[in-house]
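FYI, it's all coordinate maths here, none of it is from the lab. For clarity, every value in this text was computed on a predicted model and none was experimentally measured. Glycine gets a Cβ as well: all are built from the backbone with ideal geometry, and neighbour counts include every protein chain shown.
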Amino acid sequence: MARDVATSTSPPRWRLLVARQELVILALLLLVSAGLSLLTGNFFAATNLLNLARNVSWFAVAAFGVGMVILIGGIDLSSGAVMALAGLASALLLQLGLPIWLAVPVGLLSGALVGLCNGVLVGMFNTPPFIVTLGMMGVVRGMTFSLSAGRPVRDLPPAFRALGQDDVWVGPLLVPLPLLTMVGVALLVSLLLRSTVLGRYIYTLGRDERALQVAGVRTERIKVVVYTFSGLLAACGGIIMTSWLGVAAPTAAADYELDIIAAAVIGGTSLFGGEGSVFGVVLGALLMQVVRTGMVLLGFPTYLQVGAIGMMIMLVVLIDNFRRRRLSR
């Protein structure tokens, strides 16, 4: 009898499937791509697709870390500044003659240290994450200007530029190396979130922090680990971006913080925590880059691109709210 009641009150499978925001974003992505292919005629050109893949790669890698922070109910506004710092740190070391196998890890370490500082302040000292990461954004951006004296670092070694500019053959397809890096990072982060105890703690922390505390879990340590991962992944995205551009500038990734957060939110990561996926973040980042690329191909000015991204965020949120209300009836 109890089984019959549970069966009758549980939602149908199709409702559970439609409840995933990733499907909404995927449908929008296909719709926008089809429209741009009709309007531009060269949206699906090989050169455009390769450039799109490179842009999405470093952007999505940084968004993976920020998405993890949002999963625990936090926020990270320092990701853009960390991207600039990691790229600049690696470039300066390469300019001093250090090998790439040493310069790149140091760049990654710089991002992880910034994330660690964020995590300690948020987790151990219970400081509001918005204030902590906003302040850290200013501190890190100031460090990048101090390290470079406000000047970009050019003439980076070919081996470093290859990280963001080279393509490799995967069977019959020519795939950008940054895209393969993004796929590898996505698999690792997804494995962490879905198949480890830490991943289960991260989702639970976003839904009910008190439940973990009652179970004896040190939630402040989880916050430190998650913010450290966010800094590390932002640094990874910044190094990919710098190698693709071929120049490290202290102004790199300026104002990208909100775009990175938007990619995670558009992809279904709840700002209230406890809900989201790596696949959703990839879709969110891809949708944003497709819209930007399409507007460039159509000749729209930059300020209209910013407005279009803002409208897209509001549209996705409205669609998600409408969908959730319909499913809850």
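Using θ = phi - 60° and the Karplus form 6.51 cos²θ - 1.76 cosθ + 1.60, what ³J(HN,Hα) does each residue of the range 68-74 get, whole Hz, x for Gly and Pro?
Listing the rounded values in order: 5, 5, 5, 4, 8, x, x Hz.
Show that you can apply the helix-only estimate: for the chain, add -39,500 (n - 2.57) for every DSSP H stretch of four or more residues, divide by all residues, and state [θ] at 222 nm to the nearest 500.
Details: 15 runs with 246 residues, N = 329.
The helix-only estimate for the chain comes to -25000 deg cm²/dmol at 222 nm.
Going by a ≥ b ≥ c, the root eigenvalues of the Cα gyration tensor, does the chain fall in the rounded group (a/c under 1.5), the prolate group (a/b larger than b/c) or the oblate group?
It comes out oblate by the Cα gyration axes.
Could you give each residue of the range 240-253 its phi-based ³J(HN,Hα) in whole Hz, using Karplus coefficients 6.51, -1.76, 1.60 with θ = phi - 60°, and x for Gly or Pro?
Each residue's phi maps through the Karplus curve to give 4, 4, 5, 5, 6, 6, x, 8, 10, 10, x, 8, 4, 6 Hz.
List every residue whose amide H lies under 5 Å from the amide H of E275, counting only residues 5 or more places away in sequence or on a different chain, with H placed 1.01 Å from N in the peptide plane.
Distant-sequence amide H within range of E275: S270.
Just name one of A186, G216, A162: the one whose Cα is farthest towards the positive end of the charge dipole of the range 158-221 (beta-carbon charges, Lys/Arg +1, Asp/Glu -1).
Selected residue: G216.
Going by the alpha-carbon gyration tensor, a ≥ b ≥ c the square roots of its eigenvalues, is the range 144-216 rounded (a/c under 1.5) or, if a/c is not under 1.5, prolate (a/b greater than b/c) versus oblate?
Oblate.
Given H placed on each backbone N at 1.01 Å, which residues far from D167 in sequence or on other chains put an amide H within less than 5 Å of it?
Here L177 satisfy the definition.
Projected onto the charge dipole of the chain (+1 at Lys/Arg Cβ, -1 at Asp/Glu Cβ, origin at the Cα centre), which of L318, A253, A112 gives the Cα projection farthest towards the positive end?
L318
Packing-wise, with mean Cβ within 10 Å as the measure, how do 252-262, 94-104 rank, highest first? Before the final figure, lay out the partial values.
Values: 252-262: 20.9, 94-104: 14.5.
In descending order of packing, they fall as 252-262, 94-104.
For V153, what residues show an amide H to amide H distance below 5 Å, using hydrogens built from the backbone and excluding near sequence neighbours?
For V153, the qualifying residues are A248, A249.
Once the convex hull of the alpha carbons of the range 45-118 is built, what does its volume come to per residue, in cubic angstrom?
111
Which residue, V296, V139, V170, tops the fluctuation ranking in a GNM of the chain built on C-alpha contacts under 10 Å?
V170
Let a ≥ b ≥ c be the square roots of the eigenvalues of the Cα gyration tensor of the range 275-315; is it rounded (a/c under 1.5), or, if not, prolate (a/b larger than b/c) or oblate?
Numbers: a/c = 4.01, a/b = 1.91, b/c = 2.10.
It comes out oblate by the Cα gyration axes.
Can you work out ³J(HN,Hα) from phi for every residue in the range 191-204, in order, using Karplus 6.51 cos²θ - 1.76 cosθ + 1.60 and θ = phi - 60°, giving whole Hz and x for Gly and Pro?
Values, residue by residue: 4, 4, 6, 9, 10, 10, 5, 4, x, 5, 5, 4, 5, 5 Hz.
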